[in-house]
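Quick notes on the structure that follows.
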Amino acid sequence: MQVVADLHIHGRFSRATSQKLTLMELDKFAKIKGLNIIGTGDFTHPKWLKEITENLLFDRETGTFTLPHGQVKFMMTTEVCTVFDFAQLIKKVHHVILTPDLELATQINERLSKYGDLSIDGRPTLNVDAATLVEEVISVSHDNLIFPSHIWTPWFGLFGAFSGFDRIEDCYEDMTKHIHALETGLSSDPAMNWRLSALDRFTLVSNSDSHSFWPWRIGREANVFEVKKVGYYEIVNAIRSKDVNQFKFTIETDPAYGKYHWTGHRSCHVSLSSADAKKLNGFCPVCRRKLTKGVEQRIDELADRPSNYTPEKAIGFVRLLPLSEIIAAVLNSSSPSTKRAWELYNKLISKFGNEYAVLLNADEDSLKSVVDERLAKAIIQVRQGTIKIVPGYDGIYGQLLLGNHSKSEDKIVKQSNISDFFQGSP
């Protein structure tokens, strides 16, 4: 059976999350999105773990949890931040941890509490190196899975431009043998990661890293499996084995939509492609300070393959954008949560069952029977990859453009001609 899973989300005790973010809301919107499995997020936080324990029912056979009468299965997951010294530099790397039951989650928490206060944040900061973290998690049980989060994010990514590494082995040392997967993050997709031959042995996974239950956040990236039953062990084994018969494809946002795709400096309204950033030696042409290096440029630095390279037996992917964002772009609205946007969204969900069914399967004529031609065409264009996106940079999401929407264009402040900056540049 086909299973769609988002394994990296956060609960309401993480920073920058709403107090309305509850297990019930996650279950509700995961179903609307079309997810079969969702991570609990933040099992390291004692209050969130208490809510998980009190509200979710455990199925020991599958290693998953459900709400009473719930249809979406939860897997026990969390994210942690490790801060440590390497070669006289401070490194900050985020990691996702999966475990099959509450007992093992409690044991992980006991071990990790030695390195930091787990009650401060749903994604705790631990004063421990990455190799020791892996050793602690795997020592609890080999059924646990750990992998680095959003590996290219400038801050906190394994390969991040500001505090990351050039090699996985430098980060995880002798514990690299226990790393089976890498999370691509919003600003990269598998095709970008395929440019590094050193990553071929790892399974590329995609998750939302959502701090919200809203459908334009949860499930915006996900993993699609074909397994005999919906369970923790089936999902983890598919990831570990990198079996294309079990791990079918990932759902990716267009990487240009991510907040760190291009190099830039948001306070100066400067965004640059990798090639143009290199021409300026990485310095802002306005304030002359260092630019925030984007994922595209960072991958260019480490890549040993051309951009069109596809490894043998690679797990495929599809590029999508959240349906709410597409609707907002068609309406020329700055928010996906307007009353009119919700009306159109709910009409489509009512007709086709869930958001993924709309984005992946509904044909144009069927879409036109529910919404107007402009929206129907936009959904098909996103599916076909013919939509225009102004790339995100320095913490600003990319922006979807449709047709001649001058208002949307006006909202985007972007340097379009690098030659404007050559005179007097550093």
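The values are calculated or read from the model by the stated rules, or taken from the named source; none is laboratory data. Bear in mind that the values here come from a model prediction, so they are computed numbers and not experimental data. Cβ placement follows ideal geometry from the backbone for every residue including glycine, while neighbour counts extend to all protein chains displayed.
Go through the stretch 221-277 and give me each residue that's more than 26 Å from PRO322 (Cα to Cα), of a type in the set (A, V, I, L, M) and surrounded by fewer than 21 Cβ atoms within 10 Å (Cβ to Cβ).
Listed by number, the list holds a single entry, ALA275.
Would you check which residues across the stretch 161-175 are under 24 Å from ILE138 (Cβ atoms) and either buried (at least 21 other Cβ atoms within 10 Å of the Cβ) or free of Cβ contacts under 8 Å to residues at least 40 places away in the same chain (or both) and list them?
The answer is GLY164, PHE165, ARG167, ILE168, GLU169, CYS171, TYR172.
Would you confirm, using the coordinates I've provided, whether LEU186 is closer than 24 Å to GLU312 by Cβ and either aliphatic (A, V, I, L, M) or free of Cβ contacts under 8 Å to residues at least 60 places away in the same chain (or both)?
no
Only one residue in ILE387, ILE379 is modelled with pLDDT under 95 and either surrounded by 14 or more Cβ atoms within 10 Å (Cβ to Cβ) or assigned by TED's automatic domain parsing to the domain that holds TRP194 (or both). Which one?
ILE387
Give the residues of the stretch 241-288 that are part of a loop (DSSP other than H, G, I, E, B), touching a residue at least 40 places away in the same chain (Cβ under 8 Å) and out of contact with any Phe, Trp or Tyr (no Cβ under 9 Å at 6 or more places or on another chain), sorted by residue number.
Answer for the stretch 241-288, where residues must be part of a loop (DSSP other than H, G, I, E, B), touching a residue at least 40 places away in the same chain (Cβ under 8 Å) and out of contact with any Phe, Trp or Tyr (no Cβ under 9 Å at 6 or more places or on another chain): VAL244, ASP254, HIS269, ASN281, ARG288.
Would you check if there is a residue in the stretch 311-330 being touching a helix residue (DSSP H, G or I) at 6+ places or on another chain (Cβ under 9 Å) and at positive phi?
no
Would you be able to tell me the number of residues in the stretch 82-132 that are in contact (Cβ under 8 Å) with a residue 12 or more places away in the chain, of a type in the set (A, V, I, L, M) and assigned to a loop (DSSP other than H, G, I, E, B)?
Matching residues across the stretch 82-132 total 2.
Report whether or not ALA191 is outside the structural domain of ALA328 (by TED's automatic domain parsing), modelled with pLDDT of 95 or more, farther than 25 Å from ARG123 by Cβ and not aromatic (Phe, Trp, Tyr).
Answer is yes for this residue.
If you take the residues in the stretch 166-199 that are basic (Lys, Arg) and assigned to a loop (DSSP other than H, G, I, E, B), which one is farthest from PRO255 (Cα to Cα)?
Among residues in the stretch 166-199 that are basic (Lys, Arg) and assigned to a loop (DSSP other than H, G, I, E, B), the one farthest from PRO255 (Cα to Cα) is ARG167.
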